[in-house]
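Undergrad: Okay, handing you the structure first.
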Amino acid sequence: QVQLVESGGGLVQAGGSLRLSCAASGIIFSLNTMGWYRQAPGKQRELVARITSAGSTVIADSVKGRFTISRDDAKRSVYLQMNGLKPEDTAVYYCNAAPVGTTRVFWGQGTQVTVAS
């Protein structure tokens, strides 16, 4: 059974920082592209950042220079360091796992990030 468990969300003032974590089980973690997505009320879910099994990253333009994605295969975890948070970053953030060479995708339950102005 695949499980992705996010943590680290919360309420923060604009300009502050949060670090999201996602712990995975039930998958061969090192063979997965891991990603963070977010969904704000009334909006579609969008990619924030992803990191391949080789460590290559893609960062959304809206967060480039402020957010960093990283992974620790030994801990089966992926992280999203969020600095310089803005009110428009308020959303539910979801962890995502995509096994290499397949079309399967797994999602976590999400963690709320709220940035107060």
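Undergrad: With every protein chain left in place and a probe of 1.4 Å, what is the accessible surface of S70, to the nearest 10 Å²?
TA: We get 50 Å² for S70.
Undergrad: Kindly write out, for the stretch 54-63 in residue order, the coupling ³J(HN,Hα) from the Karplus curve 6.51 cos²θ - 1.76 cosθ + 1.60 (θ = phi - 60°), rounded to whole Hz, with x marking Gly and Pro.
TA: These are the phi-based 3J(HN,Hα) values: 8, x, 6, 10, 10, 10, 4, 4, 5, 10 Hz.
Undergrad: Oh, and also: Please build a GNM for the chain, connecting alpha carbons under 10 Å apart, and tell me which residue among G15, G101, G35 fluctuates the most.
TA: Fluctuation is largest for G101.
Undergrad: Something else: If I take every Cα pair under 8 Å that is 6 or more residues apart in the stretch 1-102, average their sequence separation and divide by the length, what percent do I get for the relative contact order?
TA: The normalised contact order for the stretch 1-102 reaches 35 percent.
Undergrad: A further question follows. Who wins for biggest fluctuation among K64, K43, K86 in a Gaussian network model of the chain, springs between alpha carbons below 10 Å?
TA: Checking each option, the largest mean-square fluctuation is seen for K43.
Undergrad: Let a ≥ b ≥ c be the square roots of the eigenvalues of the Cα gyration tensor of the stretch 11-55; is it rounded (a/c under 1.5), or, if not, prolate (a/b larger than b/c) or oblate? Working shown, then result.
TA: Details: a/c = 2.29, a/b = 1.69, b/c = 1.36.
Because a/c hits 1.5 or more and a/b exceeds b/c, the stretch 11-55 counts as prolate.
Undergrad: Can you give the FRET efficiency for S70 and S25, using 1/(1 + (r/R0)^6), R0 = 22 Å, r = Cβ-Cβ distance, to the nearest 0.05?
TA: 0.70
Undergrad: What are the ³J(HN,Hα) values, in whole Hz, obtained from phi via the Karplus relation 6.51 cos²θ - 1.76 cosθ + 1.60 with θ = phi - 60°, for each residue of the stretch 104-113 in sequence order, with x given for Gly and Pro?
TA: These are the phi-based 3J(HN,Hα) values: 6, 9, 10, 10, x, 8, x, 9, 7, 10 Hz.
Undergrad: Using the beta-carbon distance between Q13 and T103 and R0 = 41 Å, what value does 1/(1 + (r/R0)^6) give for FRET efficiency, to the nearest 0.05? Present the calculation step by step, with values, prior to reporting the outcome.
TA: On the way: r = 40 Å, r/R0 = 0.98.
Calculated value: 0.50.
Undergrad: Using only the heavy atoms of the protein chains and a 1.4 Å probe, how would Y37, Y93, Y79 rank by accessible area, largest first?
TA: Y37, Y79, Y93
Undergrad: Going by accessible area, probe 1.4 Å, with all protein chains left in place, what is the ranking of R50, R38, largest first?
TA: Solvent-accessible surface, decreasing: R50, R38.
Undergrad: Normalised radius of gyration for the chain, please: alpha carbon Rg relative to 2.2 N^0.38 Å, two decimal places.
TA: Compared with the compact-globule rule of thumb, the chain sits at 1.00.
Undergrad: Compare S17, S77 by solvent-accessible area with a 1.4 Å probe and give them largest first, with all protein chains kept in place.
TA: Sorted descending by solvent-accessible area, the residues read S17, S77.
Undergrad: Then there is this: For K86, go through the lysines and keep the ones whose alpha-carbon is under 28 Å away, minus same-chain ones fewer than eight residues off.
TA: Qualifying lysines at Cα under 28 Å: K43, K64.
Undergrad: Quick check on the chain: of the DSSP beta bridges with both residues there, what percent are antiparallel, nearest 5%? Kindly include the intermediate steps, with their values, before the conclusion.
TA: Numbers: 38 of 42 bridges.
So the antiparallel bridges in the chain amount to around 90 percent.
Undergrad: In the Gaussian network model of the chain, springs joining C-alpha atoms below 10 Å, which of I69, I59, I28 carries the largest mean-square fluctuation?
TA: Answer for the Gaussian network model of the chain: I28.
The values are calculated or read from the model by the stated rules, or taken from the named source; none is laboratory data. Here the structure is a predicted model, which is why all the values come from computation and not from measurement. For neighbour counting, all protein chains shown are included, and Cβ atoms are generated from backbone atoms with ideal geometry for every residue, glycine included. We work out accessible area using only protein heavy atoms, side chains counted, and drop any ligands, DNA or RNA first. Shrake-Rupley method; radii C 1.70, N 1.55, O 1.52, S 1.80 Å.
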